[in-house]
Each structure stands twice: as C-alpha cells, then as structure tokens.
Amino acid sequence: MGFQAFRSSFLDFIADPFFVPEAESVRYFADGLMVLEDGMIKDLGAYEDLKGTYAEVPIVDYRDRLILPGFIDTHIHFPQVEVLAAYGEQLLEWLNKYTFPAEGKFHDKSYAQKVATVFLDELMRNGTTTALVFATVHPQSAEAFFEEASRRNLRMIAGKVMMDRNAPDFLTDTAENAYQESKALIQKWHNNGRLLYAVTPRFAITSTNEQLRLAGKLLEEFPDVYLHTHLSENVNEVELVAQLFPDSNGYLDVYDQAGLVRERSVFAHGVQLRDDEFQRLSAAKSAIAFCPTSNLFLGSGLFKLTKAKSAEHPVQVGLGTDVGGGTSFSMLRTAHEAYKVVQLQREKLSPFKALFLGTLGGAKALYLDDKIGNFGVGKEADFVVLDVKATPLMAFRTPNPTAHSLAELAEKVFTLIILGDDRAIAATHIMGELAYQRDLT
C-alpha cells in the first residue's frame, strides 16, 4: 500500500468530553493533512505544517468535506435486516412474531452469505467501519459473516448466538453444543486478521444456568474474547428474568453469577438498570451499548445516559443501532435519537458528546481504543468522509462547510447529527483504501 495522504478538515477526540472540557477533548484541523503508511496513521496535522515533509506523497483532496474516524456500532444483529420496520410490538412479542422466524432461515449458509453481503454494504454506506454483531444460533451464520468481513479486511466482532430454551425448536441449541461450537469458532476466527469473537448468549431468558456457566467457561479459557448480550431492555423482560432466576438479585446478577460481568463484556440497552447495577458495571469495567432508535421503536424506555456517565461510577458507553429493532443503520440518525432521549429527561447531550459515543467512546467500550476510534499515530486508518452539504436543506443550513472556531464547529456538527443520514456519507475508507463512495449520478 505504501504512503497515502488525505487533505480535508479533520475532527476526532483525544479525551472523553463527558469528563474533560470539550476544548481539551476535541481535536480539529480546518485544513489538515493525514498521512498513512501501509494503512496505518503516520502523521496528522495542519496542511501548511506538513506539506513540505510529505511533498512526494500523492494527496487525495477532500477539501470542503469533514473526515471523522469510522463510526463504531456497539450492538447490531446482521440476521435482522429483513425485519427492519416490523410493525406494532414490544420486545418479547416482536421476537416471537418477526425475529425468530427470520433467524430460522440462517441454517442455510448461502442465505447467510447473501444477507451478510447486504448488511456489510449498508454499514459501509453509512460510514460504520467497526461493529459488535449478533449472528444466529447457527454456527454457519457466524462463518458466513466472518468470511465476508475478512474479504473486506474489516475490524469486526461477532459471535454465534447461544440459546437453549424459551425459543422455537429450530433456533435452540444445547448448553454443550453451544459451548463446543463457540469454542471452534473462537479458535478459527478470533484474532484472524482484523476479526474478533464475542461469546453471545442472546439474553438470560433464552439460556439455562448451565449454558450461562459454559459461556463463562469460554471467557476463562479465552480471556481476550468478548461477552455480548442484552440486559434490562424492557419491563416485561426484567420481570420474566426474575421469575426464571429466583435466586438472583436482579437481571445483572444472573450474568454475574455465571462470571459474565467483566472487562470486554458489552451489555445492550440497560434501560431498566438500577443504581446498584450501574455501580457494578462500573466496578467490573463492563460497557453498555446505548440503542436509542430501538428503545423508542419497541417502547422500551429512556436510557439514563447521565447516570451511566456519572463521575462517581462511570460506565463506558457506545452507541448501537440495534438493527433490526433499531430503525436505521446510520450512526448520525442514532446520535440524533440519542439527543432526543436525553432531552426527554430534561438533560442535554452536546454534539461533541454524541459524536464521541459513536467514535472513540465506542472504541473504549470495546477495548479497541489502542487500534481505532481516533487519528492517533500508529492506529488503523478506518475513516469516513462526510459531506455537510449533502442535501439542499443541509447546504442551506451550512453554507460554509469549514468551521474556524470550536463554537462554530459545534453548530455544524449538531446540524450534521440532526439533519444528516446515509446521504451525508461521501466515502468510507478501510485501512486507507476506498470501500464506499457515494454515487452522485
């Protein structure tokens, strides 16, 4: 690949704006130059300062665009693409009516490959370069996903679902089968290129104590893999968990008793979490995937982001689209809805905090901030090129795409979050290479 250079406006984060003043956490170059070597970031700075040093390196000119680190989706289901926009149900009814029948099709690997291709095309089209992904109970669904992600050289995390009760027969495994199949997938795919594995019990309702115990055993045997599951999404779900696990002290404790609450554990939703459960997640250095479009669409409730990001008991939080309970692949749309969820609680989510959650915040939640999430030297060069004038309304609202102060930048970013969607993605680059470019014809 050799050397590459890109000229544009650049925005990333060097600290968490929930805890550090935004002026100290935001890094911005109105006219910047980013230099890559073999797909890794070698240098970033003002164009005028660096142009002489890299005079021989060919430059891709993205002036009048804004380059961000690739978006990071901390919770999404690739088999649920076809149940996007399924009408009228809350979580448990939605699963039984729409999701489980759709997931049944993934026993067919060729079908799983077809959907994986559509799914990853959509991620690229929306500027999402890394995601934490549910497959189905079928190991071949995870195989199909990993094969397609590997072909594209993507930094992705995924896992086969573990589910041995309270689901249709065609979607259940056994505790032992789930353990053995997950172990084989870990040995084949974890740290294979840029791919990583997540042990993936669907949620407490669909796993026996034995299956959860064996999930914990996998985490002991492979301490750098992830744990990815759902937690405290819906009131009826929480009540059912209490009935199924009478010896537990709440939903999180079910997972805790099985050894699943730890570093690299990512719990989706957390809408109904108690204060003591937030404290436990903080102590364990686990993370929450905040999925606002899904929580609103399924009527689950309002996630307490301010509680999660409290100085006393901070929890790492990333944004998740949760397709197909979520309603969009776009992380801009997801940040838009996150703003509204916080606003409904009479609090504020600044544009920089929202964007942080979808970039460096997600990388921190996934323990990948040494590799992705900002433009630090030595990191992998996955990035998205944004057109802040992508639609007539956006162009009217943002006549000058380049900001020259922090306040002006905040206004432009907020407009992008509220009015932007997939149309604002001009291009997506993976390790510097062009993976998607918007067709303007």
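The values are calculated or read from the model by the stated rules, or taken from the named source; none is laboratory data. All figures in this text were calculated on a predicted structure; none of them were measured in a lab. Quick reminder, even Gly has a Cβ in these numbers, built from the backbone with ideal geometry, and neighbours come from all protein chains shown.
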Within the stretch 283-329, the residues that are in contact with a Phe, Trp or Tyr (Cβ under 9 Å, 6 or more places away or on another chain), more than 18 Å from D16 (Cα to Cα), at pLDDT 95 or above and of a type in the set (S, T, Y) are T321
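Hey, among the residues in the stretch 261-284 that are among the hydrophobic types (A, V, I, L, M, F, W, C) and touching a Lys or Arg at 6+ places or on another chain (Cβ under 9 Å), which one's surrounded by the fewest Cβ atoms within 10 Å (Cβ to Cβ)?
Step one: list which residues in the stretch 261-284 are among the hydrophobic types (A, V, I, L, M, F, W, C), which gives 261, 266-268, 271, 273, 278, 281, 283-284.
When the remaining residues are screened for being touching a Lys or Arg at 6+ places or on another chain (Cβ under 9 Å), the result is 261, 271, 273, 278, 284.
Details: V261: 23, V271: 25, L273: 25, F278: 21, A284: 17.
Out of the qualifying residues, it is A284.
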Residue hits (the stretch 186-210; over 21 Å from A258 (Cβ atoms) and surrounded by fewer than 18 Cβ atoms within 10 Å (Cβ to Cβ)) are Q187, K188, N191, N192, G193
Quick check, is F134 buried (at least 24 other Cβ atoms within 10 Å of the Cβ), among the hydrophobic types (A, V, I, L, M, F, W, C) and closer than 30 Å to L240 by Cα?
yes
In the stretch 408-441, anything farther than 18 Å from F396 by Cα, surrounded by fewer than 17 Cβ atoms within 10 Å (Cβ to Cβ) and of a type in the set (S, T, N, Q) is listed as Q437, T441
Restricting attention to the stretch 275-299, the residues that are under 18 Å from the mean Cα position of the chain (by Cα), part of a loop (DSSP other than H, G, I, E, B) and farther than 14 Å from R262 by Cβ number exactly 1
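Does R213 satisfy the criteria of being surrounded by fewer than 20 Cβ atoms within 10 Å (Cβ to Cβ), outside any helix (DSSP H, G or I) and either modelled with pLDDT under 95 or in the same structural domain as L92 (by TED's automatic domain parsing) (or both)? Full working, then the answer.
Numbers: surrounded by fewer than 20 Cβ atoms within 10 Å (Cβ to Cβ): yes; outside any helix (DSSP H, G or I): no; either modelled with pLDDT under 95 or in the same structural domain as L92 (by TED's automatic domain parsing) (or both): yes.
The answer is no for R213.
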Being in contact (Cβ under 8 Å) with a residue 24 or more places away in the chain, crowded, with 17+ Cβ neighbours inside 10 Å and closer than 21 Å to T428 by Cα narrows K371, K353 down to just K371
Quick count over the stretch 333-350, residues being of a type outside the set (S, T, N, Q), more than 20 Å from L409 (Cα to Cα) and free of Cβ contacts under 8 Å to residues at least 24 places away in the same chain, is 1
For the stretch 220-240, the count of residues that are buried (at least 20 other Cβ atoms within 10 Å of the Cβ) and within 18 Å of I157 (Cβ to Cβ) equals 7
In the set D108, D173, the lone residue that is in contact with a strand residue (DSSP E or B) (Cβ under 9 Å, 6 or more places away or on another chain) and surrounded by fewer than 24 Cβ atoms within 10 Å (Cβ to Cβ) is D173
Do we find that K114 is surrounded by fewer than 22 Cβ atoms within 10 Å (Cβ to Cβ), touching a helix residue (DSSP H, G or I) at 6+ places or on another chain (Cβ under 8 Å) and either modelled with pLDDT of 90 or more or acidic (D, E) (or both) in this structure?
no
